[in-house]
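Have a look at the structure below, then the notes.
The values are calculated or read from the model by the stated rules, or taken from the named source; none is laboratory data. As the structure is a computational prediction, the values presented were derived from the model and not from experiment. No Cβ is skipped: glycine too gets one built from the backbone with ideal geometry, and neighbour counts run over all protein chains shown. To get the accessible areas, we keep the full protein, side chains included, count just its heavy atoms, and leave off ligands, DNA and RNA. Shrake-Rupley method; radii C 1.70, N 1.55, O 1.52, S 1.80 Å.
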Amino acid sequence: MAERPAVNASPLIFLARAALLELLRDVAGQEIIVPAPVADEIRRRGPDDVTVRAMQHADWLVVVEPPPIPPLISAWDLGAGESSVLAWAHAHPGAEAILDDLAGRRCAAVLGIPVRGTLGLILIAKQRGYVPAARPVLERLRKSGMYLSDAVLDRALALVGE
């Protein structure tokens, strides 16, 4: 069995704002780890925040205390969320880190940690038939605050034949 992936705040926030949080479970697995620092970051947004409310109803998002942050990760000076997601994936070989932060993604690459971002989740959702087309979903995410340049959007859509 593959290790459960760990997710950072930005994919949760973007997907919740766009009412697409269920796609995370569809694509990434039936149970997804949310390290406590990530959950804390989201809870600080307040009880009326859409992400806070969505997480309360997503029992498949499992909040856990992360393992200690290894010096290899600490040296990157990432945020608490990114560091805890990477620490989880590092301590659980085969676990994927789901995060959008560029520095966090670079750290994952150096450490050989599988990583995927929100954009990648949507492309997989299209390939697996969870969404009929990626473009409307990505446009919805953009309208919900996720930054995607036109060039990145076009390259990503070309990968899934759109």
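About the centre of its Cα atoms, the chain shows a dipole size close to 360 debye [charges on the beta carbon of Lys, Arg (+1) and Asp, Glu (-1) only; nearest 20 debye].
I need the semi-axes of the equivalent ellipsoid of region 101-142: take the C-alpha gyration tensor, multiply each eigenvalue by 5, square-root it, list largest first in whole angstrom. Walk me through the numbers on the way to the answer.
Values: eigenvalues 124, 30, 4 Å².
Equivalent-ellipsoid dimensions as semi-axes: 25, 12, 4 Å.
Within region 13-54, the trypsin sites (Lys or Arg not before Pro) that combine a DSSP coil assignment with at most 16 other C-beta atoms in a 10 angstrom radius are R44, R45. Taking one quarter of the surface of the convex hull spanned by the alpha-carbon atoms of region 44-119 gives a direction-averaged projected area of 5.7 nm². Note on L159 and A19: the extension gain reaches 48.0 nm, defined as 0.36 nm multiplied by sequence separation minus the Cα-Cα distance. A Förster distance of 35 Å, applied to the separation of the beta-carbon atoms of L102 and R53, puts the FRET efficiency at 0.75. When the Cα positions of G112, L102, I69 are compared along the charge dipole of region 63-112, G112 comes out farthest toward the positive end, with charges on each C-beta of Lys, Arg, Asp and Glu. Ranked by the mean number of other Cβ atoms within 10 Å per residue, highest first, peptides 26-39, 145-158 order as 26-39, 145-158. Once Rg and the Kirkwood radius are both taken over the C-alpha atoms of the chain, their ratio Rg/Rh works out to 0.95.
Counting only protein heavy atoms and using a 1.4 Å probe, what share of the accessible area of region 5-136 belongs to carbon plus sulfur, as a whole percent?
Working: 3130 of 5970 Å².
Here it works out to 52 percent.
The mean sequence distance of close C-alpha pairs (under 8 Å, at least 6 residues apart), as a share of the length of the chain, puts its relative contact order at 26 percent. The relative contact order of region 31-107 comes to 32 percent, based on Cα pairs under 8 Å that sit 6 or more residues apart. Could you give log10 I(q)/I(0) at q = 0.15, 0.22, 0.24, 0.26 Å⁻¹ for region 28-88, computed by the Debye formula over C-alpha point scatterers of equal weight, without solvent? Debye curve over Cα of region 28-88, log10 I(q)/I(0) at q = 0.15, 0.22, 0.24, 0.26 Å⁻¹: -0.48, -0.89, -0.98, -1.06. Placing W76, W88 in order of accessible area, with the largest value first and a 1.4 Å probe, yields W76, W88. Helix content alone sets the calculated 222 nm mean residue ellipticity of the chain: runs of n ≥ 4 DSSP H residues at -39500 (n - 2.57) each, divided across all residues, give -15000 deg cm²/dmol. Here the Kirkwood formula, the inverse mean of 1/r across different C-alpha pairs, assigns region 75-136 a hydrodynamic radius of 12.4 Å.
Taken per residue, the accessible surface of region 67-162 reaches 50 Å², heavy atoms only and a 1.4 Å probe.
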